[in-house]
Amino acid sequence: MTHALSQLCKQSKQRLRQLLLSVLLLAALVPWAQATDYGDVVVTAESVTAGGNGNNYDEYRITISNRSATKSYQVALSLVREVAAYGHGVRELRRTAEVAPAATISFPLFRPPLMPESGLIYVTIDGRLQREIVRVTYSRTNSWVSRSNTSAYVLLSSGFQKTGVFDSGAVAEGFKNDGGENQVAHLVYNAPFNEWSTHWLAYAQFDAVFLLAQELQAMPEAVRLALWRYAECGGTLFVAGDWPIPSPWQAGRQQVVGLDVDEDPLIEQVAKTEPVLPVFFVGFGQVLATGALDPKQITGAQWRAIRVGWRDSVIYNKDYYNLGLINQDFSVVDRISVPVRGLFGLMLLFVVVIGPLNILWLARRRRKIWLLWTVPAISLLTCLAVSAFAFLGEGINATARTESLTILDEAAHRATTIGWSAFYTPVTPSEGLHFSYDTQLIPQLAYFRDAGSSERVVDWTNDQHLAVDWITARVPTFFKFRRSETRRERLTINPAQNSSVAIVNGLGADIAQLWWADAKGRIHQVQRVAAGAEANLTATELQAKAEPGALREILSAQDWLEQNKLLAQNPEKYLRPGSYLAVLDAAPFAEEGLREVKVRNAKSYVYGLTAVEASPEGVR
């Protein structure tokens, strides 16, 4: 009995301690966010990167505290748009969480670009909708310095802001457009580094992120990795100070001189007189590390060149008038038009049969009263015939197509992928589409199609679930996407007999073609290597001559698919010593999206770095 009482007291003290910690954590959030009290449950919502250009994912941070020491609660959140959205908008974001007794949890909620800015969150606790609405607090991001006709958005750390660089004349000169206006808006983020986002999607809306090298060193590992992934996915990371660049990306070094070759033939002389500002192309993005150079020494011409370089991080989207034009660029089904002639013929036959022929036949049999059942019967048979016509023409199986380009950093075990995905199904799937938290989706839409009011819903509970109204029967759905993830696939390169080179295909799919550049830049090739198989490479006359930033230019190209073809046609223009390009008959680095697809067409290009140097996480 005494032992039981002792255990009970011990458990009570532990729960009291947990409850006290929850209260202290909630109190620490008060300066940033206003809490909404639901008795035992307290909910706060604040912006992390919201309030910028709105053309990309914005992050809200949700914090839920449970004051009860004995009872757990299921809390469902629903962020609903405040204004009507027609055609292509997102109506609602959802996320459900289980909060244990005396616990506090915090998680992100991303608002996609198709959803208008919304600060209202409805709360349901254990199935009961609460009357009071949670309002998002924007105190973290209400310090935006906006410009007229803003065309670029950047994020500044508090330390970088204190350097006064953005208040200098050189920046003012470099950020002016042809009309003399500064169109670069910036946000000074004063939050402690442990409160910065650990998801690269939160930074995707920024053209560049500016911070000090010592700040980068002091950041938590998860935040630093998120910023590095942001750079690899196409962003610009500006580091004031000395921050070592991992050796796999050292070969992508270039100097920012500030002038275009086509504009000034004396660019070489200018390069000798201006301070050296190196830029390293990492993945699809770039990192500018000033080293010993004081950022205040950067000239206005160089700032102008830096701003021009941001354009390559912009994903190009066409203005499509109808789905047929999108299907022409990335075909997922042979045709998406309605078979008018066949249906017209069927309807014409129906009219003739149910009308004149039916009446004439019943009149001869003197059974006109049978019209009461022959008309419904013929109508039913016609409906079945129309359904059979549709299913026989397309079947009931869903079709998906994916084409992607992946930069695989084998040393860091990280894959950065861009590509297209398309889905077509004769029957509306009940599950919707599923993608990971690390995937940025860019819907390719026919903006001039009158689609009425959109009811699209995104549920972030377990993954990025496009739950409602994203894919419907006989209407294809198209996405461009970017994603960054940890992967272990690799291409093993071994010496073989007779001074040749052998490879083992560890990329997770059959290789259709492969080009590899050795340490001297000579390119070797092989065709048709099954997954897990070994094959010998054959030397060619090609020599690797990749230009820095060649892969980055693909991201901003008008057509990614055409650029992928150029990769395979001219591998020497993209390869550098120690790299390879593989064309795969599948897309192992892209997500399936739609489950239970019977016909899945996939193709991918993998640009691999075989260096074994330390990854960026290991650089301190």
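The values are calculated or read from the model by the stated rules, or taken from the named source; none is laboratory data. In this text the structure is predicted, and so the values were computed from the model without any measurement. Reconstructed Cβ throughout: ideal geometry from the backbone, glycine too, with neighbour counts over all protein chains shown.
Brief remarks follow.
- Listed by first and then second residue, the pairs linking a residue in the stretch 535-560 that is more than 22 Å from ASN317 (Cβ to Cβ) and of a type in the set (Lys, Arg) to a residue that is in a helix (DSSP H, G or I) and at pLDDT 85 or above, with Cβ atoms under 9 Å apart and 6 or more places separating them unless they lie on different chains, are LYS545/GLU572; LYS545/LYS573.
- Per this entry, VAL526 is counted among residues that are over 17 Å from the mean Cα position of the chain (by Cα), modelled with pLDDT of 90 or more, surrounded by 16 or more Cβ atoms within 10 Å (Cβ to Cβ) and not in a loop (DSSP other than H, G, I, E, B).
- The residue list LEU201, LEU216, LEU211 contains one member that is crowded, with 18+ Cβ neighbours inside 10 Å, assigned to a helix (DSSP H, G or I), touching a helix residue (DSSP H, G or I) at 6+ places or on another chain (Cβ under 8 Å) and not acidic (Asp, Glu), which is LEU216.
- Filtering the stretch 114-130 to residues that are part of a loop (DSSP other than H, G, I, E, B), buried (at least 18 other Cβ atoms within 10 Å of the Cβ) and out of contact with any Ser or Thr (no Cβ under 9 Å at 6 or more places or on another chain) leaves MET115, SER118.
- Looking only at the stretch 266-294, and only at residues there that are of a type in the set (S, T, N, Q) and over 11 Å from GLN254 (Cβ atoms), the one that is modelled with the highest pLDDT: THR290
- Only one of the listed residues (THR399, THR406, THR374) is closer than 26 Å to SER331 by Cβ, at pLDDT below 95 and either surrounded by 14 or more Cβ atoms within 10 Å (Cβ to Cβ) or among the β-branched types (Val, Ile, Thr) (or both). That residue is THR399.
- Single unsatisfied condition, TYR230 versus (1) closer than 23 Å to ALA415 by Cβ; (2) touching a strand residue (DSSP E or B) at 6+ places or on another chain (Cβ under 6 Å): (2)
- Just one of the numbered conditions (1) modelled with pLDDT of 95 or more; (2) within 24 Å of THR477 (Cβ to Cβ) is not true of VAL75: (2).
Quick grid of which residues meet (1) surrounded by fewer than 16 Cβ atoms within 10 Å (Cβ to Cβ); (2) at pLDDT 95 or above; (3) touching a strand residue (DSSP E or B) at 6+ places or on another chain (Cβ under 9 Å); (4) not in a loop (DSSP other than H, G, I, E, B):
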| position | (1), (2), (3), (4) |
| --- | --- |
| ALA539 | yes, no, yes, yes |
| LEU542 | no, no, yes, yes |
| ALA546 | no, no, yes, no |
| LEU551 | no, no, yes, yes |
| ILE554 | no, no, yes, yes |
| GLN563 | no, no, yes, yes |
| LEU567 | no, no, yes, yes |
| ALA582 | no, yes, yes, yes |
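- Contacts under 6 angstrom Cβ, first residue in the stretch 96-108 being touching a residue at least 24 places away in the same chain (Cβ under 8 Å) and in a loop (DSSP other than H, G, I, E, B), partner hydrophobic (A, V, I, L, M, F, W, C) and surrounded by 14 or more Cβ atoms within 10 Å (Cβ to Cβ), 6 or more apart: PRO101/ALA69; ALA102/LEU19; ALA102/ALA69
- Pairs with Cβ under 9 Å, 6+ apart, first in the stretch 571-599 and touching a residue at least 24 places away in the same chain (Cβ under 8 Å), second among the hydroxyl-bearing types (Ser, Thr, Tyr) and assigned to a loop (DSSP other than H, G, I, E, B): GLY578/THR610; SER579/THR610; TYR580/THR610; LEU581/TYR574; GLU591/SER436; LEU594/THR425; VAL597/THR425
- Number of the condition not met by PRO577 [criteria: (1) surrounded by 19 or more Cβ atoms within 10 Å (Cβ to Cβ); (2) part of a loop (DSSP other than H, G, I, E, B)]: (1)
- Selection within the stretch 446-470 - among the hydrophobic types (A, V, I, L, M, F, W, C), surrounded by 20 or more Cβ atoms within 10 Å (Cβ to Cβ) and either outside any loop (DSSP other than H, G, I, E, B) or modelled with pLDDT under 90 (or both): VAL458, LEU466
- Selection within the stretch 134-174 - in contact (Cβ under 8 Å) with a residue 60 or more places away in the chain, surrounded by 18 or more Cβ atoms within 10 Å (Cβ to Cβ) and more than 30 Å from VAL41 (Cα to Cα): ALA152, TYR153, LEU155, PHE160, VAL165, ALA170, VAL171, GLY174
- Residues that are surrounded by 15 or more Cβ atoms within 10 Å (Cβ to Cβ) and charged (D, E, K, R), drawn from the stretch 497-523: ASP510, ASP518, ARG522
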